[in-house]
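The values are calculated or read from the model by the stated rules, or taken from the named source; none is laboratory data. Predicted, not measured: the structure shown is a model, and the values here were computed from it. All Cβ positions, glycine included, derive from the backbone under ideal geometry; neighbour counts span all protein chains shown.
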Amino acid sequence: MPIRATKRGAQRTPLGDASHQVLVCGASFAGLAVARELRSARARVLVLDRYEIGERQTSACAAPTAWLHNLGLEGSIRQTFGSLVVHTPGTTARWPLPWTFSTFDYRELCRLLWAQRGPDAAFETATVSGRTGATVHTDRGDVSASIIVDALGWRRVLGAGPNVQPPNARLSRGLEVHPSGSARDLELWIDRAVIRAGYGWSFPAGDEVRVGVGSFDPHDHVKQPTLWLAAELERDAVRYQGNWIPHRLRPAVQDGVFFAGDSAGHCLPLTAEGIRTAFYFGIACGRELRAVLEGRQDAAGALQRYGAFSAGHRAKFEAMLLAQRAVPRLHPRAVDAVVRAFAHRGLSHWGFRHYLEIAPPQFALPAPPAPAQRARRRAAA
Ligand SMILES: Cc1cc2nc3c(=O)[nH]c(=O)nc-3n(C[C@H](O)[C@H](O)[C@H](O)COP(=O)(O)OP(=O)(O)OC[C@H]3O[C@@H](n4cnc5c(N)ncnc54)[C@H](O)[C@@H]3O)c2cc1C
């Protein structure tokens, strides 16, 4: 698929009134996962984003390697890591991981994910501004669909009531720079001299390194800490990328709309890992919608089941949030002790296995059948 620059000015013609069965707003991790899941349903799916697919990277782009493999996205992998190096002012420890993390190329990942869509799925660039019932308002006119998915990220544009606004909402914030260069290790810094409540990171990705700082407190600025960390690591502070990150679950269904990824607060508190959870909940949402499109359940059933699925993860998300609140309050020597303890393989493997289970990569399997396979299966039945 050619990646064009986002349409501007006169190119932003009205979207027209073609009827769509499913309207997916947001073409990043969550939205593209939903669209992929619908490929066998032969549904008229319209995906909207204010930017062309893959044009604007939204994160440091590190995810468990198995998730990328199970989604057929291994072609986007830049570098793979079997351990995590964690620094505090008092210690440095290498945590052995029971599974690997990989950094990937955002544009290529989005391209590979979108390539797995169904034949009746289309994409348009449009900025979504709100919704009235089943009609979504955009800068290119109104679009209606019987099923609407908000995968627009933290702002939850299609939610009821006023949009989520920082700094008073339950949001973290992150900022990173992407200098050219290389490094061997995935590294984290838990250091109050860098950021009061949060952490810094350096994620190498082949020929670039993503260096940034995240704060769990939306009032704390992250630009100076990011510049400081980049300077410490002798990296150029170039190619900035930053965003707000919700750190608490929000209702995954509301007023007939499905929410997946950051719009539903699906990013994990403490680690701010939101890519695999965006895939995970996007797939869960897509499976329910597929059942609607194939006549196996009605939309009300899908809303109920998907809402319950997401809410069923509340205890795990709340436990991560408790840890997020506790870590900045720990005495620095206690932080050192915990960081050192995780250098032991037994504890690290135990902890990271449980952590992966919150959104396990096996969930991506089996892949949704391709449209042709489905037709063949029906003929054989
Ligand atoms: C600096 C930083 C680094 C991070 N690093 C990692 C990491 O390494 N690993 C990890 O797992 N998580 C990371 N995260 C978290 C992760 O980026 C998010 O949780 C994840 O991107 C959520 O995916 P999503 O598809 O829900 O939303 P997003 O990726 O935010 O996508 C939302 C999409 O909606 C579009 N959009 C938004 N508003 C509109 C609108 N009004 N109209 C039309 N389109 C719109 C956007 O253009 C975008 O394409 C990081 C976050 C930050 C800020």
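When segment 171-193 is filtered for residues that are surrounded by fewer than 21 Cβ atoms within 10 Å (Cβ to Cβ), over 14 Å from Ala272 (Cα atoms) and touching a strand residue (DSSP E or B) at 6+ places or on another chain (Cβ under 9 Å), the ones remaining, listed by number, are Pro179, Ser180, Gly181, Ser182, Ala183, Arg184, Asp185, Asp191. Determine whether segment 297-304 contains at least one residue that is of a type in the set (Gly, Ala, Ser) and loosely packed, with under 14 Cβ neighbours inside 10 Å. Taking every residue of segment 297-304 in turn, at least one turns out to be of a type in the set (Gly, Ala, Ser) and loosely packed, with under 14 Cβ neighbours inside 10 Å.
Scanning segment 138-165 for residues that are in contact with a Gly (Cβ under 8 Å, 6 or more places away or on another chain), at pLDDT 95 or above and not in a loop (DSSP other than H, G, I, E, B) yields a count of 3. When you look at Ser129, is it polar (S, T, N, Q), more than 28 Å from Leu303 (Cα to Cα) and not in a loop (DSSP other than H, G, I, E, B), yes or no? No. Annotation note: Cβ proximity below 6 Å between a residue of segment 88-106 that is farther than 22 Å from Arg78 by Cβ and a residue that is in a strand (DSSP E or B) and within 16 Å of the ligand (Cβ to nearest atom) (sequence gap 6+ or interchain) occurs for Ala93/Val86. Filtering Ala63, Ala35, Ala43 for residues that are near the ligand (Cβ under 8 Å from one of its atoms), small (Gly, Ala, Ser) and at pLDDT 80 or above leaves a single hit, Ala63.
Residues that are away from the ligand (no atom under 11 Å from the Cβ), over 19 Å from the mean Cα position of the chain (by Cα), touching a residue at least 40 places away in the same chain (Cβ under 8 Å) and under 22 Å from Trp228 (Cα atoms) occur in segment 170-180; there is at least one.
State all residues of segment 211-243 that are hydroxyl-bearing (Ser, Thr, Tyr), near the ligand (Cβ under 10 Å from one of its atoms) and crowded, with 20+ Cβ neighbours inside 10 Å; if no residue qualifies, say none. Listed by number, the list holds a single entry, Thr226. Filtering segment 252-306 down to residues that are of a type in the set (S, T, N, Q), within 12 Å of the ligand (Cβ to nearest atom) and outside any loop (DSSP other than H, G, I, E, B), which residue is farthest from Leu112 (Cα to Cα)? Residue satisfying both the conditions and the ranking: Ser263.
When Gly141, Gly118 are checked against the criterion of being on the phi > 0 side of the Ramachandran plot and touching a residue at least 12 places away in the same chain (Cβ under 8 Å), a single residue qualifies: Gly141. Taking into account only those residues within segment 46-87 that are without any contact (Cβ under 8 Å) to a residue 60 or more places away in the chain and hydrophobic (A, V, I, L, M, F, W, C), which is surrounded by the fewest Cβ atoms within 10 Å (Cβ to Cβ)? Restricting to residues being without any contact (Cβ under 8 Å) to a residue 60 or more places away in the chain and hydrophobic (A, V, I, L, M, F, W, C), the top hit is Ile77.
Out of the residues in segment 222-239 that are without any contact (Cβ under 8 Å) to a residue 40 or more places away in the chain and in a loop (DSSP other than H, G, I, E, B), state the one that is nearest to Asp191 (Cα to Cα). My answer is Leu233. Residue selection: Glu108 fails the criterion of being of a type outside the set (Ser, Thr, Tyr) and either surrounded by fewer than 16 Cβ atoms within 10 Å (Cβ to Cβ) or over 20 Å from the mean Cα position of the chain (by Cα) (or both).
Here is a check on your reading of the model: is Ala134 more than 10 Å from the ligand (Cβ to nearest atom), aliphatic (A, V, I, L, M) and surrounded by fewer than 16 Cβ atoms within 10 Å (Cβ to Cβ)? In short, yes. For segment 181-212, the tally of residues that are over 15 Å from Gln324 (Cβ atoms), touching a helix residue (DSSP H, G or I) at 6+ places or on another chain (Cβ under 6 Å) and without any contact (Cβ under 8 Å) to a residue 60 or more places away in the chain stands at 3. Which of the residues spanning segment 204-248 are touching a Cys at 6+ places or on another chain (Cβ under 9 Å) and among the small types (Gly, Ala, Ser)? Listed by number, the list holds a single entry, Ala205.
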